[in-house]
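Worksheet: one structure, shown below.
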Amino acid sequence: MTPAKALQPFPDDWHTALVLVPHPDDPEYGIGAAVAKWTAAGRTVRYALACRGEAGIAGTAPEQAGPIREGEQRRSAAVVGVDKVEFWSFPDSDIRDTPALRAAIAGCVTAAAPDVVVTIYSGPEGEPGALNQRDHIEFARAVAAVYDTLTDPPRWLFENGPDGTHGETVDDHIDAAVASLAAHHTYLSVLDPDTPVIEQARRQVEMATQPRAEFGNRRTVEFILTRQR
């Protein structure tokens, strides 16, 4: 097995970040601990989501699931210090790299004028044998395409995913990340009714924050630098 490449530290000279994702809970499954660290240090982070997750609760009609998941996402974001959460109206489970999606992304990035944009992983597999969702792939590709058209793009564009280039150590923010993911209580309760929500949340956060030797075996969120100006 080829050893993992050493990660560089995540940039430190920035003030505002925009997290662009397709669904509710996408930030919490990956970068919640990093977001908690950033806001605790006085940085501003805002979220924008392509949909409200209306197709995400099995057995619940979309018109009921959407408001539930939007509310859970807002509460989840607040746990890690994010109070600006924007939802668009693209169809859950059918998010595609369309001109309309690119226009929404461009408008959001232009209005927010962040130093850093973080988005979802665009690769085919999150881990060997685990196929990535098409919504994730199409959304991330749209974000990259928009970045390439901007006359004054953010300084950095990162994806959160495996085989990263940069890492943010988060040992002191694991509990906040767990609480943030656990705020998606209805979603997680239906997803795995046999496992307490807090246990599901802690397991997922620990999977997303593996210790890294180059950072003294501290728990770390991985990021992939895809664009830089």
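Which three semi-axes in whole Å describe the equivalent ellipsoid of segment 27-79, each the square root of 5 times a Cα gyration tensor eigenvalue, listed largest first?
Numbers: eigenvalues 136, 18, 15 Å².
Each semi-axis is the square root of five times an eigenvalue, giving 26, 10, 9 Å.
Around Leu150, under 15 Å between beta carbons, what's the net of Lys plus Arg minus Asp minus Glu among the other residues? Let's see the in-between values first.
Numbers: positive: Arg102, Arg155, Arg227, Arg229; negative: Asp115, Asp148, Asp152.
So the surrounding residues net to +1.
Would you mind calculating the gained length between Thr110 and Thr98 on full extension (0.36 nm times residue separation, minus the Cα-Cα distance), in nm to one decimal? Walk me through the numbers on the way to the answer.
On the way: separation 12, 0.36 × 12 = 4.32 nm, distance 1.82 nm.
Once the chain is fully extended between Thr110 and Thr98, it gains 2.5 nm.
Mind running the shape call on segment 68-123? Use the C-alpha gyration tensor, a ≥ b ≥ c as the square roots of the eigenvalues: rounded below 1.5 for a/c, prolate if a/b tops b/c, oblate otherwise.
oblate
Among 127-135, 21-29, 99-107, how do they line up from the highest to the lowest mean number of other beta-carbon atoms within 10 Å?
On the way: 127-135: 12.2, 21-29: 26.3, 99-107: 16.1.
Highest to lowest by the protection proxy: 21-29, 99-107, 127-135.
So how far apart, in nm, are the two label points at Asp13 and Arg155 if each is 7 Å from Cα heading toward Cβ?
Distance between the two pseudo-spin positions: 0.6 nm.
Could you order peptides 180-186, 62-68 by the average number of other Cβ atoms within 10 Å of their residues, highest first?
Descending mean neighbour count gives 180-186, 62-68.
Can you give the relative contact order of the chain as a percent, counting alpha carbon pairs under 8 Å and 6+ residues apart?
Values: 450 pairs, mean separation 61.9, N = 229.
Reported relative contact order: 27 percent.
First check a/c for segment 58-157, with a ≥ b ≥ c the square roots of the eigenvalues of its C-alpha gyration tensor; if it is under 1.5, answer rounded, and if not, answer prolate when a/b is larger than b/c or oblate otherwise.
Taking the square roots of the gyration eigenvalues as a ≥ b ≥ c, segment 58-157 is oblate.
For a label point 7 angstrom out from the Cα of Asp163 toward its Cβ, which stretches of segment 82-120 have the backbone nitrogen within less than 20 Å?
Hits in segment 82-120 for Asp163 at 20 Å: 119-120.
Be a star and scan segment 58-90 for residues whose amide nitrogen sits under 16 Å from the point 7 Å along the Cα-to-Cβ vector of Ala130.
Under 16 Å, as judged by backbone N against the label point of Ala130, lies no residue of segment 58-90.
Share of antiparallel DSSP beta bridges in the chain, in percent to the nearest 5?
Details: 12 of 31 bridges.
Rounded to the nearest five, the antiparallel share is 40 percent.
Pick out the long, greasy-scoring helices in the chain: whole DSSP H runs spanning 18 Å or more along their own axis by Cα, mean Kyte-Doolittle at least 1.0. Write down the numbers at each step before the final one.
Numbers: long enough: 62-79 (25 Å, -1.21); 99-112 (20 Å, 1.33); 134-147 (20 Å, 0.17).
Counting only whole DSSP H runs, the qualifying helices are 99-112.
Where a number appears in this text, it was derived from the coordinates with a stated rule and is not lab data. This one's a predicted model, so the numbers in the text were calculated from it and none came from an experiment. Every residue, glycine as well, gets a Cβ built from its backbone with ideal geometry; the counts of neighbours run over all protein chains shown.
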